[in-house]
1. Which Cα, out of A:Tyr105, A:Leu228, A:His215, lies furthest along the positive dipole direction of chain A (beta carbon charges, K/R +1, D/E -1)?
2. In region B:1-158, with Lys and Arg counted as +1 and Asp and Glu as -1 at Cβ, which of these residues, B:Ala36, B:Met85, B:Gly48, has the Cα nearest the positive end of the dipole, that is, farthest along it?
3. Might you list the cysteines of chain A that have no disulfide-compatible partner by the rule of another cysteine's Cβ under 4.7 Å?
4. Please list, in order along region A:59-68, the HN-Hα scalar couplings obtained from phi with the Karplus expression 6.51 cos²θ - 1.76 cosθ + 1.60 (θ = phi - 60°), rounded to whole Hz, x for Gly and Pro.
5. If you count the DSSP beta bridges with both ends in chain B, what percent of them are antiparallel, to the nearest 5?
6. In Å and on Cα atoms, what radius of gyration and Dmax does the protein assembly as shown show?
7. Relative to the Cα centre, what is the charge dipole magnitude of the protein assembly as shown, using +1 at the beta carbon of each Lys and Arg, -1 at the beta carbon of each Asp and Glu, and rounding to the nearest 20 debye?
8. Please get the size of the charge dipole for region B:3-181, origin at its Cα centre, with Cβ charges of +1 on Lys and Arg and -1 on Asp and Glu, quoted in debye to the nearest 20.
Amino acid sequence: MREISSKDITKAVKELCIDANYNLGEDVQDALRKAYEKEGSPVGKATLKQIIDNFEISQQGEFPMCQDTGTAVFFVEMGDQVCIKDGNLFEAINQGVRQGYKDGYLRKSILADPIERKNTGDNTPAVIHLDIEKGDKLKIVCAPKGGGSENMSEVKMMKPADGVEGVKEFVIDKVKRSGSNPCPPIIVGVGIGGTFEKCAEMAKRALLRTIGSKHPDPFYAKLEAELLEEVNKLGVGPQGFGGTQTALAVHIQTYPCHIASFPAAVNINCHVARHKEVIL
Amino acid sequence: MAKKKITTPLTDEAVKDLKIGDDVLISGDIYTARDAAHKRMVELLDKGEKLPFDIGGQLIYYVGPSPARPGNVIGSAGPTTSGRMNKYAPRILEAGSKGMIGKGEMGPGVQDALKKYTGAYFAAIGGAAALIAKSIVGNELIAWEELGAEAIRKYTVKDFPAIVVQDCHGGNLYKEGVKKYQKI
């Protein structure tokens, strides 16, 4: 068994929260720069220039990329040989969120109860997805998720007869109806299969993939490319002002599903697709 | 694209000169208000009472910033979704405001009010929050401190970047811009 101290986890999580909110991933930076070159609309181009200037300013460490520093969402892979010393994994992560959101001057955007709506004051609780893997490592991915893009997400329990065409129609229609609200250019995470809640999780996991990477299955790689092309014909453009660059990428993640079911989910990410990881 | 420099308070002439798609740099004072402050302002207007600041010619910015570092005027301060203020904005325009800054399309009632009262709706770039913060050089509480993040504040801005998205001539960039590039 390998022991990992809960204090080390807290420290790592604190740094991830800050890093994710100040330093945009290289793949997203590249995608935005390419979008600027490709954008056909003058207003769209001017918008992308501001977006690029913004993440360059944010890297200097004084201002986070967006004032909505999001719900702290984590994907954790814990090795089956790992044992947490002096504490509990989820509490260690939440403590890291508390510290990161305080010392990083990040916005506290979490309400204790969705109906009463009183702020918890420290951006906890985090949302944590945990998997057990073989080995002795602890991998933590921090993916802060803003409210605007999250509000444009949806799960649809389709019929198996709806098929691939049904998925395409759902994704394209969802992006069209979302319009300017999720701060385009967006990244579209698509989940297919699983149960109702697993499907949604797959759609969010899809957002973590490096932009520009191809799906390992040629069938889904082709579907991703087709959806990206179709979505960019909607004309929504950067910030919904009209343009050719509506989405930077469409990623699909699948999961086995019930013989009677055919769920699909769309989780939209705005252009600041924030995710950072550490392996302890 | 050349940027237009505009200064608050705005005159009717200055607003009529603005068309959708115009890239502007706003300087002067702007007033922040979100859902809760708007509700209170409209209640005052309903009672025929004065607003807590002189609204003539002023712009309202829909924003909820991240915390300011010590010594800084403000944290990151990009716009919040304007659609939530759809029912309030026409009353604020009627009271003398010359427009709003936010993100996302505002409704037909607001479009009509922009024409009737000569106002303009500007979009600040959602997520260009650090860039926008750099243009905010002053930050003063004006009213309703008890509303916390939703209090009315006055930001003094220098070259605050925005785009005219809905104008006083009936133009709506969210509709017309998309139509130009829509292929499906």
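No lab work stands behind these numbers, since they all come straight from the coordinates. Being a predicted model, the structure only gives us computed values, none of them experimental. With ideal geometry, Cβ positions are generated from the backbone for all residues, glycine too; neighbour counts draw on all protein chains shown.
1. The residue sitting most towards the positive pole is A:Tyr105.
2. With unit charges placed on the Cβ atoms, the residue in question is B:Met85.
3. Lone cysteines by the Cβ rule: A:Cys17, A:Cys66, A:Cys83, A:Cys142, A:Cys199, A:Cys257.
4. 4, 6, x, 9, 10, x, 3, 9, 5, 7
5. 55 percent
6. For the protein assembly as shown, the Cα radius of gyration and maximum Cα-Cα distance read 22.6, 75 Å.
7. The dipole of the protein assembly as shown has a size of about 640 debye.
8. 420 debye
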